[in-house]
1. For a quick check: sort TRP161, TRP16 by the number of other beta carbons within 10 angstrom, fewest at the front.
2. Using each residue's phi in region 235-244, evaluate 6.51 cos²θ - 1.76 cosθ + 1.60 at θ = phi - 60° and report the 3J(HN,Hα) Karplus result to the nearest Hz, with x for Gly and Pro.
3. State the answer as a single residue: which of LEU50, LEU259, ALA13 lies farthest towards the positive end of the charge dipole of the chain, with beta carbon charges of +1 for Lys and Arg and -1 for Asp and Glu, about the Cα centre.
4. Report the extension gain between ALA143 and LEU180 in nm, rounded to one decimal, defined as 0.36 nm multiplied by the number of residues separating them, less their alpha carbon distance.
5. Determine the shape class of region 3-106: with a ≥ b ≥ c the square roots of the Cα gyration tensor eigenvalues, call it rounded for a/c under 1.5, and otherwise prolate if a/b is greater than b/c, oblate otherwise.
6. Near ALA263, within a Cβ-to-Cβ distance under 12 Å, what is the net charge of the other residues, with Lys and Arg +1 and Asp and Glu -1?
7. Here are some values of Kirkwood radius over Cα pairs in Å: (i) 19.3; (ii) 18.8; (iii) 19.7. Which one was computed from this structure?
8. Just for the chain, what percent of DSSP beta bridges are antiparallel, to the closest 5?
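Readers should treat all values here as calculations from the given coordinates under stated rules, not as data from a laboratory. Everything quoted here is computed from the prediction, not taken from an experiment. As a convention, Cβ positions derive from the backbone with ideal geometry for all residues, glycine included, and neighbour counts pool all protein chains shown.
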Amino acid sequence: MAERASEVIRSRANPWLGRLRRVRENGGRDSGLALIEGVTLLEEAVEAGLEIVDLLVTPRSLSAPRTARVVRRAEAGGAVVRQVLERLLESLSPAEASQGVVALGRRPAFQEADLFRATPLILVGVSIGNPGNLGGLLRTAEAAGATGAYLSAGTTDAFGWKALRGSMGSAFRLPRVAGLAIEEVLARLAARGVTRVASVASGGTPPAELDLRGPVALLFGSEGAGLPTPVAAAADARATIPLRAPVESLIVGVAAGVLFFEAARQRGPSAG
């Protein structure tokens, strides 16, 4: 560990703390940075090749071999490491129980063409406001072999710390395009010959009866409202998961799991 890492920050007014606090408060979009909290998420970020800019760690956490290893890797990649008093980091960490490690990483840049590699299987998030739900959707999509995601205008930031925790690293890896109007997303998918399948609570086709083997985009709306009616109507097909009464709907993460893994089943083990 470099000598500078032995200097322990002891003041709440320290500029290093101030920088991380600003990113926590404003989300980091303006600076191109993301707040990374915890050892596991830092490991995922380093493994994904993210540039770690700043890293604060408590002396107690640094004494753990696992933490020391990932901190050394981050520092070898150019991160500036500082130790900090535990009580100060706890005031900075957004988590209820801090793991003693908080970092700033540079947000990765994705190319839209990456969404269409191989046989596209694309997540489309429409006005997903809950960051935990969004993180779970990204994680589910990646686990099923998705090639990428469109996150339409009105969807929360995939690099917000709650979304990052929900995705457990998938947000670092899964290519995506964010901020387009959903009408533009649908048009771009159609132009590339991708079948657009809307997830709806009723009136659709059971997933097992749909052909999901070709280029497919699966559309999901927010937890409460679901997909807007015009968006569902504009899709090429609508999927409804059969449910036993009196249950009328599933949470969006479960619905996404059913649809994505049905697509994975149809495509077989060699797909993606």
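1. On the way: TRP161 24, TRP16 17.
Ranking TRP161, TRP16 by Cβ neighbours within 10 Å, fewest first, gives TRP16, TRP161.
2. Result, ordered by residue: 5, 6, 8, 10, 10, 10, 7, x, 10, 7 Hz.
3. ALA13
4. Details: separation 37, 0.36 × 37 = 13.32 nm, distance 2.46 nm.
Result: 10.9 nm gained on full extension.
5. Working: a/c = 1.37, a/b = 1.02, b/c = 1.35.
Rounded, since a/c falls under 1.5.
6. Numbers: positive: ARG213, ARG265, ARG267; negative: ASP211, GLU262.
That works out to +1.
7. Read-out taken from this structure: (iii).
8. Numbers: 11 of 37 bridges.
DSSP beta bridges in the chain are roughly 30 percent antiparallel.
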